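One structure is given below, encoded as structure tokens.
The values are calculated or read from the model by the stated rules, or taken from the named source; none is laboratory data. Worth saying up front: this structure is predicted, and the values here are computed from it rather than measured. Backbone-built Cβ (ideal geometry, glycine too); neighbour counts: all protein chains shown. For accessibility, only protein heavy atoms count, side chains too; no ligands or nucleic acids. Shrake-Rupley method; radii C 1.70, N 1.55, O 1.52, S 1.80 Å.
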Amino acid sequence: MKKRILLVDDEEGIRTSLRMVLEPTHEVVCAADAQQGLELFRRESPNLVFLDLTLPDVDGLTLLQTMRSEDRDIPVIMLTATKTVKTAVDAMKMGAADYLTKPFDIEELRLIAAKTLAAKDLEREVRYLRAQVVNRYAFHNLIGKSPAMQEIYSKIEQVADARTTVLITGESGTGKELVARAIHYNSSRREQPFIALNCAAIPETLIESELFGHEKGSFTDATARRVGQFELAHGGSLFLDEIGDLSPATQSKLLRVLQEREFTRIGGSHPIKVDVRFIAATNQHLADLLRRKQFREDLYYRINVVSLYLPALRDRREDIPLLAKHFLAKRLEEENRAPQEFSKETLELFTKYHWPGNVRELENAIEQASVWCRNTTITPEHLPSALKTGTHSDSLREVTLAGQLSLEKAVQEFEKEIILDALKRTDYVQTRAAVLLGISRRMLKYRMDTLGISRTDVQSSDDTSEMVQ
């Protein structure tokens with residue numbers, strides 16, 4: 001579809017020449033004065049306007065102001081004689097996209113028209129995509145009706161517009177980055193960048209350069225200046241996932257940035273001021289890292305201003321059917337496929353399963369099931385084997401070998417399951433559970449604290465002196 005261009009010039013020769021140049025690739029409408037030009041502007045809704053500065057009834061600057069007040073989305077290029085170039089520059093300060101001096105260079109005219117239209121198309125596309133992103137992370141699109149998630153949504157709404165640093169904790173796959181993005185896109189910074197960096201995925205030798213950038217020649221491979229993530233996030237939000245994996249040296253430098261709101265590139269000599277909303281996340285127990293002197297206490301208190309804990313999927317089972325249907329609908333829409341649904345038995349398996357990989361594992365399981373299902377109903381036969389066998393050890397093996405869960409985390413999950421099972425078999429009496437496991441009660445209590453096994457993980461009992469505290 002051809003783009004429509006409006007020409008407003010009182011010289012018939014100019015209008016004829018411009019029409020001849022532009023009409024092969026554009027639809028062109030012409031006006032000889034300001035009144036006619038404004039009428040066509042309102043009626044035709046052009047994609048681009050060429051406007052002469054000197055018109056017989058109203059000067060071009062006045063018409064430019066009127067057009068800009070009625071529709072700022074339509075770009076205007078000013079046409080001017082050489083002696084009025086200064087006025088054309090003033091017009092650009094008033095919102096004109098560009099200007100051309102008479103007599104015109106044909107190729108320059110075509111180039112400016114194409115460039116201006118392309119820039120406007122890109123601007124509209126960016127606005128559309130940004131609106132899509134903002135809508136995606138709006139509160140009504142966050143999935144979960146459980147009390148725990150409703151509390152999370154309430155807290156996101158409360159902290160979104162604050163400058164406060166937020167620490168998000170929870171197991172791998174619980175949606176920590178999704179919550180970080182929800183905080184950003186529901187804040188006044190939504191139009192600015194959201195930069196996410198996984199600290200565990202960056203080698204220790206490169207993490208400082210990733211965060212703060214470096215100057216050319218600052219080290220052997222520094223062949224050019226690099227802008228760091230803090231600088232890229234200026235005006236917006238920086239999300240550091242797995243912050244517990246940072247080395248003590250990097251922790252110290254991060255603390256200074258959070259305190260001073262400035263940093264220096266590697267090899268640089270001048271501090272750079274930044275305005276960044278800082279959001280951190282970890283699946284580790286930072287309190288344990290503090291006790292082991294692996295995480296700085298001052299940094300911990302600096303980032304733990306507002307803390308959001310995301311519960312594991314097994315602890316909010318009422319959300320599983322909602323999430324499953326959401327992920328299935330999302331996949332079918334992305335692939336433009338016919339509708340599918342889950343059988344009752346499939347949803348029951350989903351609800352009973354342990355989900356060591358949490359929401360991420362659920363989404364992957366649904367993607368796999370949707371691929372294998374060739375009709376309208378997803379049944380248990382289409383599910384990954386771990387879900388069908390229903391054993392936690394099998395599921396841990398599957399998600400670990402699929403790269404969805406680290407070996408360390410899998411071992412912790414398996415140990416946690418054994419301890420909980422031992423407690424259940426001994427009516428939750430710690431001394432008897434310790435004997436069953438072949439360890440001391442003190443060691444059992446230490447392992448429970450390390451693994452985060454608390455009152456919410458087990459049932460209460462009458463024997464309060466020996467029960468889980």
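Rolling a 1.4 Å probe across the protein heavy atoms gives the chain an accessible surface of 52 Å² per residue.
The length gained by stretching the chain between ASP298 and VAL89 to full extension, at 0.36 nm per residue less their Cα-Cα distance, is 69.9 nm. With helices as the sole contributors, the chain gives -15000 deg cm²/dmol at 222 nm; each DSSP H run of n ≥ 4 counts as -39500 (n - 2.57), and the sum is divided by every residue. Model label points for SER188 and ARG337, set 7 angstrom from Cα along the Cα-to-Cβ axis, are 4.5 nm apart.
Stokes-Einstein diffusion for the stretch 1-72 at 10 °C, viscosity 1.306 mPa s, with a Kirkwood radius from C-alpha pairs, works out to 131 µm²/s. Extension gain for GLU348-THR220 works out to 40.3 nm (0.36 nm per residue, less the C-alpha to C-alpha distance). If I compute solvent accessible area with a 1.4 Å probe over the protein chains, what percent of it on the chain is carbon and sulfur? So the carbon and sulfur contribution to the accessible surface is 50 percent. Taking the 0 to 90 degree range and rounding to the nearest ten, how far is the long axis of helix 441-451 tilted relative to the main principal axis of the chain, both from C-alpha atoms? For 441-451 against the chain, the angle is about 10 degrees.
Cα extents for the stretch 8-135 along the principal axes, largest to smallest and rounded to whole angstrom: 48, 29, 29. Helix 12-22 and the longest principal axis of the Cα set of the chain meet at an angle near 40°.
Based on every Cα atom in the chain, Rg and the maximum pairwise Cα distance Dmax equal 30.9, 101 Å. If you plug the beta carbon distance of LYS102 and ASP59 into 1/(1 + (r/R0)^6) with R0 = 22 Å, you get a FRET efficiency near 0.85. From the residues LEU310, ALA281, PHE295, which one has its Cα farthest along the dipole of the stretch 271-337 in the positive direction, the dipole being from +1 and -1 charges on Cβ of Lys/Arg and Asp/Glu about the Cα centre? Highest projection toward the positive end goes to PHE295. Cα centroid separation, the stretch 302-343 to the stretch 96-132: 42 Å.
Taken along the Cα-to-beta-carbon direction at a fixed 7 Å, the label points for GLU367 and PHE414 span 2.6 nm.
Between THR377 and ILE143, residue separation times 0.36 nm minus the direct Cα-Cα distance comes to 82.0 nm. In summary, the convex hull built on the alpha carbon positions of the stretch 250-333 has an orientation-averaged projected area of 9.4 nm².
Annotation for ALA201 and ALA249: the two label points, set 7 Å from Cα along the Cα-Cβ direction, are 2.4 nm apart.
Which one of CYS30, ILE5, LEU178 is farthest out on the positive end of the charge dipole of the chain, using unit charges on Cβ (Lys, Arg +1; Asp, Glu -1) and the Cα centre as origin? Toward the positive end, the furthest listed residue is LEU178.
Ellipsoid semi-axes for the stretch 250-397, based on the Cα gyration tensor and the rule √(5λ), read 43, 20, 13 Å when sorted largest first.
Heavy-atom accessible area, probed at 1.4 angstrom with all protein chains present, ranks CYS30, CYS199 as CYS30, CYS199, highest first. Against the chain, whose longest principal axis is taken from its Cα atoms, helix 392-401 shows a tilt of about 40°.
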